[in-house]
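Asker: Mind looking over this structure? Questions follow.
The values are calculated or read from the model by the stated rules, or taken from the named source; none is laboratory data. Please read all numbers here as calculations on a predicted model, not as lab measurements. So basically every Cβ, Gly included, is an ideal-geometry build from the backbone, and we count neighbours across all protein chains shown. Keep in mind that these areas ignore ligands, DNA and RNA; they rest on the heavy atoms of the full protein, side chains included. Shrake-Rupley method; radii C 1.70, N 1.55, O 1.52, S 1.80 Å.
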Amino acid sequence: MINKRETPIELSKYEFQKIGYHLIDQIADFISTIEKRPVTTGETPEQLQQILGVSSLPENGTTAGSIISKAADLLLNHSLLNGHPKFLGYITSSAAPAGALADLLASAVNPNVGAGILSPMATEIEKQTVQWLAELIGVSPSYGGILVSGGNMANFTAFLAARTAKATGDIKKDGIPNSSGKMMIYCSKTTHTWIEKAAALFGHGTESIRWIPTDSANKMDNLILEGTIKNDLAQGFKPFIIIGTAGDVSTGAVDDFEGIAAICKRYDLWFHIDGAYGVPAAVVPEFKKIFEGIRQADSIALDPHKWLYSPLEAGCTLVKNAKHLTDTYSSHPVYYNFDGKETHAQNFYEYGLQNSRGFRALKVWVTLQQVGRKGYETMINEDIKLSKMLFRLAEEHPELEAVTQNLSITTLRYVPAAMDQDRGDTESYLNTLNESLLNELQLRGEVFLSNAVVNKKYCLRACIVNFRTSPRDIEEIIEIIVREGKKMHEKLWKMAFV
Ligand SMILES: Cc1ncc(COP(=O)(O)O)c(C=O)c1O
């Protein structure tokens with residue numbers, strides 16, 4: 001009788017150790033030299049395809065060691081390095097090295113965190129992670145929640161719970177009402193694109209979104225918000241949710257949550273906060289004031305893979321009353337024996353959209369303990385100070401215009417010293433110049449920034465969610481922008497007039 005199968009997928013203990021130790025050495029070397037590498041190699045998709053090699057699916061297997069070694073070479077030497085100290089693009093953080101080790105452990109044990117019985121310890125760790133995240137941002141630890149893949153999913157998960165809670169009938173049975181009693185959504189015009197996806201995909205349609213204008217500080221205008229709600233009620237619509245943003249994606253502005261909470265109370269609406277980027281800043285005492293009102297939120301989305309420096313993917317939905325999640329997501333097919341009549345285990349499949357679920361909570365749980373609340377307070381505060389420094393240096397530089405600064409996001413643009421202010425198309429030229437400059441910077445590999453359009457100005461945008469960035473990097477980034485801005489201006493000017 002065969003008692004051990006020979007398969008092409010198993011690794012012996014010795015092989016696993018040999019490949020693993022070598023890989024860990026390569027990763028340790030990569031992390032310790034990251035600041036000496038280019039942020040990106042700027043290779044084209046065609047060049048990358050050549051390096052990867054064109055081939056069809058292998059008929060027969062090969063050794064794991066050689067494949068892992070090839071994968072390490074491809075990724076360590078041909079990637080955009082968002083762990084580089086001068087990567088300040090979009091909202092993608094430097095990832096905690098301990099998070100990478102946690103991911104390895106999570107996938108080695110491979111618990112299915114869809115059901116308690118399938119992942120006994122992992123489920124308890126995820127519950128604790130959710131509680132700690134609530135404590136970190138200063139809401140009640142009794143908020144329930146779930147780890148998801150990122151900000152979009154965290155917001156979707158809350159959005160669906162909100163409409164189950166606020167629909168007039170039984171939405172799970174009857175679906176959403178359409179023309180009569182149409183359910184309306186309220187958010188600032190700067191809200192991240194997830195809301196358009198949610199409205200389109202979950203059957204509301206993007207016409208159900210009321211995009212509320214912002215004030216001079218880029219916050220949702222709560223007077224216009226309330227007026228719009230009243231108007232919709234008068235027309236027979238059914239407002240059901242207001243979305244406030246804690247750190248908008250372009251400028252980092254934080255809405256007035258006290259004001260939004262009061263409106264939600266007056267009209268019996270669900271109060272959701274998209275804090276995917278900015279809500280961790282609530283851990284910094286000096287910033288407590290701008291987050292006042294978050295404790296009144298019915299739900300909050302936050303992203304450990306942004307400002308808590310977790311490796312991708314890790315988002316989290318927190319809900320004041322977790323029953324709204326189970327009301328929305330729970331189902332009990334006969335083929336699930338998960339109800340734990342004696343054990344009362346929590347089944348995360350009843351808290352969100354996924355059924356089988358990986359153990360993404362582990363890397364967050366590990367890092368929350370490695371750093372501690374105090375450590376996060378310090379790192380986040382330092383990121384904010386660096387962002388302020390960037391803004392100040394841009395203000396002081398004769399060829400830069402500092403445009404906005406909130407939380408750890410600064411927007412600025414290059415303005416050549418010798419601009420002919422009388423030319424009628426100055427603004428459109430500056431927009432073209434800064435867009436071309438950004439494209440050039442993104443390929444050069446010295447620094448990686450992204451863009452924002454603020455009051456029709458095309459700006460370079462730096463978002464510091466990076467524990468490796470130092471004051472020296474900020475000074476050098478200013479020099480790089482000015483040096484490359486000058487060059488781009490000369491190039492465009494020549495193209496136009498020579
Ligand atoms: C405010 C805000 N909400 C939601 C998201 C979406 O997050 P993710 O890309 O993790 O899905 C982002 C991403 O930058 C964001 O800034």
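Asker: Answer yes or no as to whether GLY99 is within 16 Å of the ligand (Cβ to nearest atom) and farther than 22 Å from LYS323 by Cα. Full working, then the answer.
Answerer: Numbers: within 16 Å of the ligand (Cβ to nearest atom): yes; farther than 22 Å from LYS323 by Cα: yes.
Considered against the rule, which asks whether it is within 16 Å of the ligand (Cβ to nearest atom) and farther than 22 Å from LYS323 by Cα, GLY99 comes out as yes.
Asker: Can you name every residue in the range 225-258 that is more than 15 Å from the ligand (Cβ to nearest atom), closer than 24 Å to THR157 by Cα and open to solvent by 10 Å² or more (accessible area, probe 1.4 Å)?
Answerer: If the condition is that a residue be more than 15 Å from the ligand (Cβ to nearest atom), closer than 24 Å to THR157 by Cα and open to solvent by 10 Å² or more (accessible area, probe 1.4 Å), then PHE237, LYS238, ASP256, GLU258 are the ones that fit.
Asker: Which condition does GLY151 not pass, out of (1) surrounded by fewer than 21 Cβ atoms within 10 Å (Cβ to Cβ); (2) in contact with a helix residue (DSSP H, G or I) (Cβ under 8 Å, 6 or more places away or on another chain); (3) of a type in the set (Gly, Ala, Ser); (4) under 23 Å from GLU292 (Cα atoms), if it passes all the others?
Answerer: Among (1) surrounded by fewer than 21 Cβ atoms within 10 Å (Cβ to Cβ); (2) in contact with a helix residue (DSSP H, G or I) (Cβ under 8 Å, 6 or more places away or on another chain); (3) of a type in the set (Gly, Ala, Ser); (4) under 23 Å from GLU292 (Cα atoms), GLY151 violates only (1).
Asker: When the residues of the range 272-317 are narrowed to those that are of a type in the set (Phe, Trp, Tyr) and within 13 Å of the chain's Cα centre (by Cα), which ends up farthest from the ligand (Cβ to nearest atom)?
Answerer: From the range 272-317, those of a type in the set (Phe, Trp, Tyr) are 277, 287, 291, 307, 309; that's our starting set.
Among the residues that remain, those that are also within 13 Å of the chain's Cα centre (by Cα) are: 277, 307, 309.
Working: TYR277: 4, TRP307: 10, TYR309: 14 Å.
In this case the residue turns out to be TYR309.
Asker: Show the residue pairs meeting these rules: Cβ distance below 6 Å; 6+ apart or different chains; first residue within the range 89-105 and touching a residue at least 40 places away in the same chain (Cβ under 8 Å); second residue outside any loop (DSSP other than H, G, I, E, B) and charged (D, E, K, R).
Answerer: Every condition considered, the pairs that remain are ILE91/LYS306; SER93/LYS306; GLY99/LYS363; ALA102/LYS363; ASP103/LYS363.
Asker: Among (1) among the polar types (S, T, N, Q); (2) open to solvent by 10 Å² or more (accessible area, probe 1.4 Å); (3) over 25 Å from ALA462 (Cα atoms), there is one condition THR317 misses while meeting the rest; what is its number?
Answerer: Exception for THR317: condition (2).
Asker: With respect to LEU430, is the statement that it is in a helix (DSSP H, G or I), open to solvent by less than 70 Å² (accessible area, probe 1.4 Å), touching a residue at least 24 places away in the same chain (Cβ under 8 Å) and of a type in the set (A, V, I, L, M) true?
Answerer: On the way: in a helix (DSSP H, G or I): yes; open to solvent by less than 70 Å² (accessible area, probe 1.4 Å): yes; touching a residue at least 24 places away in the same chain (Cβ under 8 Å): yes; of a type in the set (A, V, I, L, M): yes.
Yes.
Asker: Which condition does GLY203 not pass, out of (1) at pLDDT below 95; (2) within 16 Å of the ligand (Cβ to nearest atom), if it passes all the others?
Answerer: So the condition that GLY203 fails would be (2).
Asker: Which pairs have Cβ atoms under 6 Å, sit 6 or more apart or on different chains, and link a residue in the range 290-301 that is farther than 13 Å from SER142 by Cα to one that is surrounded by fewer than 18 Cβ atoms within 10 Å (Cβ to Cβ)?
Answerer: Pairs that qualify, where the first residue is farther than 13 Å from SER142 by Cα and the partner is surrounded by fewer than 18 Cβ atoms within 10 Å (Cβ to Cβ), are GLU292/GLU258; GLY293/GLU258.
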